[in-house]
1. Those residues that are closer than 23 Å to A:Ile82 by Cα and outside any helix (DSSP H, G or I), I need them from segment A:172-197; list them, please.
2. Out of everything in segment B:1-43 that is surrounded by 19 or more Cβ atoms within 10 Å (Cβ to Cβ), assigned to a loop (DSSP other than H, G, I, E, B) and not small (Gly, Ala, Ser), what residue ends up being farthest from ligand 1 (Cβ to nearest atom)?
3. Inspect segment B:47-58 for any residue being modelled with pLDDT of 95 or more, within 16 Å of ligand 2 (Cβ to nearest atom), over 20 Å from B:Ser149 (Cβ atoms) and touching a Phe, Trp or Tyr at 6+ places or on another chain (Cβ under 8 Å) and give the result as yes or no.
4. B:Thr47 fails exactly one of the following numbered conditions: (1) crowded, with 20+ Cβ neighbours inside 10 Å; (2) among the polar types (S, T, N, Q); (3) within 10 Å of chain A (Cβ to nearest Cβ). What is the number of that condition?
5. Does any residue in segment B:11-28 that is free of Cβ contacts under 8 Å to residues at least 24 places away in the same chain come within less than 9 Å, Cβ to Cβ, of a residue that is more than 16 Å from ligand 2 (Cβ to nearest atom) and in a loop (DSSP other than H, G, I, E, B) six or more places away or on a different chain, and which pairs are these?
6. Here is a list of conditions, (1) modelled with pLDDT of 85 or more; (2) assigned by TED's automatic domain parsing to the domain that holds B:Ile28, and B:Val231 meets all of them except one; can you say which number that is?
7. Inside segment B:73-99, can you point out the residues that are surrounded by fewer than 23 Cβ atoms within 10 Å (Cβ to Cβ) and either over 17 Å from A:Ala97 (Cα atoms) or more than 9 Å from every other protein chain (Cβ to nearest Cβ) (or both)?
8. Looking at segment B:223-264, which of the residues that are aromatic (Phe, Trp, Tyr) and out of contact with any Lys or Arg (no Cβ under 7 Å at 6 or more places or on another chain) is farthest from B:Glu295 (Cα to Cα)?
Amino acid sequence: MKEILRADQLKLKRSSILIIVLLIPILILTYELVNFTYRAELVDKQAELFHAGSMWMYLLYDNSLLFGLGFPLAATLAASIIANIEHQADGWKQLLAFPVSRSKVYLSKFIWLTMSLLISLTIFLIGMILLGKALEFEESVPLGLLAGDSYGMLIATLPFTAFQLWLSMTIKNQAFPILIGAICTIMGLFLAAVQMTRWFPLAYPIQSSTVILQYEGIGYNTDLPVYLAINLMLGIALLCMGVIHFVKRDNQ
Amino acid sequence: MDDQIVVTNDLTKKYKKHTSVEGLNLRIERGQIYGFLGPNGAGKTTTIRMLLGLIQPTKGRIELFGKSLKENRLSILERIGSLVESPTYYGNLTGRENLEVVRRLRSLPEQRVDEVLSIVRLTKAAHRLTKEYSLGMKQRLGIATALLSRPDLLILDEPTNGLDPSGIQEIRELIKGLPQSGMSVLVSSHLLSEIDQMATQVGVIHNGKMIFQDSIEQLRQRHKPLLKVGVSDVMEAKAILQGKGITTGGEKEFLWFDRTEPAFVSEINSILVQSGLSVYRLEEVKRSLEDIFLELTSAEGSL
Ligand SMILES: Nc1ncnc2c1ncn2[C@@H]1O[C@H](COP(=O)(O)OP(=O)(O)O)[C@@H](O)[C@H]1O
Ligand SMILES: [Mg+2]
């Protein structure tokens, strides 16, 4: 397994995966920087109105929609880039004619996808802390909340990510998986808005912030552990299904 | 037993209704260069994909190195190097990095990369991105990749496709030298001339069926030119020649002989003329691959 991971690592060199890794942190942090400086008064007023426990919590609340929409899109693109490296190289036939097990081939792609997203989230987390420090938030850094918000997203999107990887690996023309990914992301937004359908796993990324706006104001998201537990299991199940299909299928 | 490198029995691949490969019995022995010949769409690539375990046969058995492919896929692939159709190349990587990917995957020694680069003469271009490579260079990189693990069996699917004559010549010489190191080679092509110049054994596939499998000499026999003779009375000419112990195939209008050397041609001519027949044509007819296919397929039809 180590061998194939190291081989796949080299394939990512000079690819556009780095852009995708940086995309979400840069976009959202830039937006928040502008928001907290140019519209500082409005932000302060709203934070007060929503009874935000701290500016950190307001920051998390404020970026949750952008993050919940943007991150699945980033996962879609990252999965597409990683799979497309093989499609473009016409590499499947060579890779699968080597003495490596097909499940390891698939898992290696999944691991690098997860790794890229993990790096992206870590940059986002560090970026948020730096942003708060730069804006001189009074309260101390709520590391648990921030880290939970960032890394929780990885688990909340796990089924989606596993599905997108399978699509991108199976279908050569990447326009199709990317379109599906975009549609699913938007669908998640609509599903989350309705009380009945917000329990549908596709709606979790939008709702997976550690803080949410309730009647009493901004508070902790008590549903989050349930979302994460469900999507962790669903994600693993979808990953296994992807592996099984990939191992069995004919390879052109 | 140990010398049978590739054995397939009744190998068949069906795509929905269409049968791409049907009842193939392939035999390749150690040290052979096996030329796998057939027109486009004959089923060469499909066969090769099955040999590499990339696609599952609909029917039939594959044994490589005396072991069943189904049960021993990984240990068999350990001993094979392959290039299927167009070569694989990661355009964002240099030639050397492309080989490094495979070296890492297969845990091969580092100096092996330099060795194969020099075998295919890509040492100078090793540090350029492969998306800038010419088709010939990509093809050579593909062969280098196939050679990287010092395979016992090398499978090359149309390795000279799209190359210029000097590139073809180069790859041909490279392949011819491989059995010296104990390697067996399966090389496919749709050009008879190409197989003729490097193979020791030939398998001819047509519409998914093997219609000929033997040594290259046997195929050359069939490839030899024929002598076509136009004569006023074909029946009488046949009888006269029969009397002289010369057998001939004949249609309505012409006599056919499978010898074309000058002495033989003039002998036929003088026999016929002296017998009072008029000879109005003496022609050497070269047979193309298509003709041989036609002959082989019609022979198969008559069995
Ligand atoms: N995935 C596929 N689905 C349907 N038909 C296929 C597929 N792959 C190959 N074929 C058909 O099988 C036949 C043999 O193709 P191929 O093995 O590529 O021929 P060759 O390599 O000798 O040119 C062709 O008629 C081709 O159209
Ligand atoms: Mg082919």
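The values are calculated or read from the model by the stated rules, or taken from the named source; none is laboratory data. Quick caveat, the model's predicted, so the values are computed rather than measured. Cβ atoms come from the backbone with ideal geometry, glycine included; neighbour counts cover every protein chain shown.
1. Listed by number, the residues that qualify are A:Lys172, A:Asn173, A:Gln174.
2. B:Gln32
3. Checking segment B:47-58: at least one residue is modelled with pLDDT of 95 or more, within 16 Å of ligand 2 (Cβ to nearest atom), over 20 Å from B:Ser149 (Cβ atoms) and touching a Phe, Trp or Tyr at 6+ places or on another chain (Cβ under 8 Å).
4. B:Thr47 satisfies all of (1) crowded, with 20+ Cβ neighbours inside 10 Å; (2) among the polar types (S, T, N, Q); (3) within 10 Å of chain A (Cβ to nearest Cβ) except (3).
5. Close Cβ pairs (under 9 Å, with a partner that is more than 16 Å from ligand 2 (Cβ to nearest atom) and in a loop (DSSP other than H, G, I, E, B)) amount to B:Tyr15/B:Thr58.
6. (2)
7. Passing the criteria: B:Gly91, B:Asn92, B:Thr94, B:Arg96, B:Glu97.
8. Looking at residues that are aromatic (Phe, Trp, Tyr) and out of contact with any Lys or Arg (no Cβ under 7 Å at 6 or more places or on another chain), I get B:Phe264.
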